[in-house]
Amino acid sequence: MVKSIRSWRETFTTHADGSDATLTFTELVGEADGPTIGISASIHGNENAGSQAIVDLFRLLRGMPLKGRLLLLPVANPRAFAVNHRFTPIDELNLNREFPGDPAGNYTQQLARAISRHFLEVIDVHIDLHSGTDRPTVDYVYIWNDEAMSRAFGSRILYRPAQGRGGTVFTGTTKVVTLDRRGIPCVVVELGGGIVDQTPYVARTVAGVMNMLRQKGAIPGDVVAPPAQTVVREIATIRPTRGGWLEPLCPPLGEEIAGGALLARVTSPYSFETLEEIPTPYARGVMILSHLSRNLVESGDYGFMVGNLEGAEP
C-alpha cells in the first residue's frame, strides 16, 4: 500500500508583488522498492486536461498498493495556468523551449531550472501530460525511448520523431533533461483540450496513465492491450493565414482524410464571405489535432495537425 503521502512547495524566486514563486509537489511512497515515476502537467498554462487527470489519479492511487515512488507536479507553469495562458505571462516565453533552464536567466528560465532540479533530475521515469488549448483538441502520443510504455497509454495514433531531428519542436523541451541528458524512459501524451467537455479526455488520460503504471510494475494488475495503433513519422501543423470564424470540415480525430479534402474554411464574422479554404497537406493523412467546433481565430493560430499515412507503421 501507499506508505506515506507528502505535499510541499519549492520556492525559486519572488514576484514583484512580494509573493513567492513556487512549485507544488506531491509524493506517494509505496511499501515496496521501485522506481520514482514523475507525472507532470500544464507546462503550457492553457493545457489543463492533464492537471485535471492528476487530481483523479491521486485520488485513485493513494489507496492502492504501490512499488517505488510517485512524484506529482500537477501544475508546472503556475502563473500561466492561473490565467489560462500558454506562455509564462511575466516574460511571454514558452516554458517548454527553455529547459534545462538557468537560475540566473529570465523568469521562465529560472522556472525551467527549478523544474529540472526538483523534478526532472530526481525521477527515473517521466510521464508528461499535454493537451490542446482552450480551442483545438489533440489526440496522439510520442514514442521516444520506451515504445512499450508509449503504446500502453492506449492511443490509436502515435508519433515517432526522426532521431536527432533539430528545430524548435524538440529544442529546450523537458526531453533535453530526461532523455538527452539522463536517458530515462520518457513519454509525452497529447490528449484533450478544446471548447468541449473534457470529461472523456480526462477519463482516458487516467486510464492510460494507470495502464502505463501497471506496465512499469508500479501498481498491480494486468496490462490492458492497446487497440490497433498507427505510428506516423511525419506531422504537419497547419495554421490559418486569415482571422475569422474557423469552420472545421475535416473528419474526427484519428480518422483518415484524403488528399484534396478541406480541413476547414475561414469565414468573416462581419461580411460572411469565405476568406480562406484550408486543404489537407498529404495524399493520405490522419487527423491528430483539430477544432471540434466553430471557433474565432487570429491569423497564425493553431489550426490543425495531420499525420502523414504514407510511410506510417501499421
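Read-outs: derived from the displayed coordinates by stated rules, not from any lab. From a predicted model like this one, the values you see are computed outputs, not experimental measurements. Heads up, the Cβs are rebuilt from the backbone with ideal geometry, glycines too, and the neighbour counts pull from every protein chain shown.
Protection proxy ranking for 24-31, 210-217, using the average of other Cβ atoms within 10 Å per residue and placing the highest first: 210-217, 24-31. Using C-alpha pairs below 8 Å separated by at least 6 residues, the relative contact order for the stretch 2-230 is 21 percent.
When the chain is treated as a Gaussian network with alpha carbon springs shorter than 10 Å, the biggest mean-square fluctuation among Thr11, Thr88, Thr173 belongs to Thr11.
Taking every alpha-carbon pair under 8 Å whose residues sit at least 6 apart, the stretch 38-155 reaches a relative contact order of 30 percent. Between Leu72, Leu263, Leu60, where does the largest GNM mean-square fluctuation fall for the chain, given springs only between Cα atoms within less than 10 Å? Maximum among the listed residues: Leu60. Each part gets one Cα centre, and for the stretch 205-254 versus the stretch 35-100 those centres are 18 Å apart.
Judged by the ratio a/c of the largest to the smallest principal axis of the C-alpha gyration tensor, the stretch 15-104 counts as prolate, that ratio being 1.5 or greater while a/b is larger than b/c. Prolate is the label for the stretch 235-308, because a/c, from the alpha-carbon gyration tensor with a ≥ b ≥ c as root eigenvalues, is 1.5 or above and a/b exceeds b/c. Cα-based radius of gyration for the chain, normalised by 2.2 N^0.38 Å, reads 1.01.
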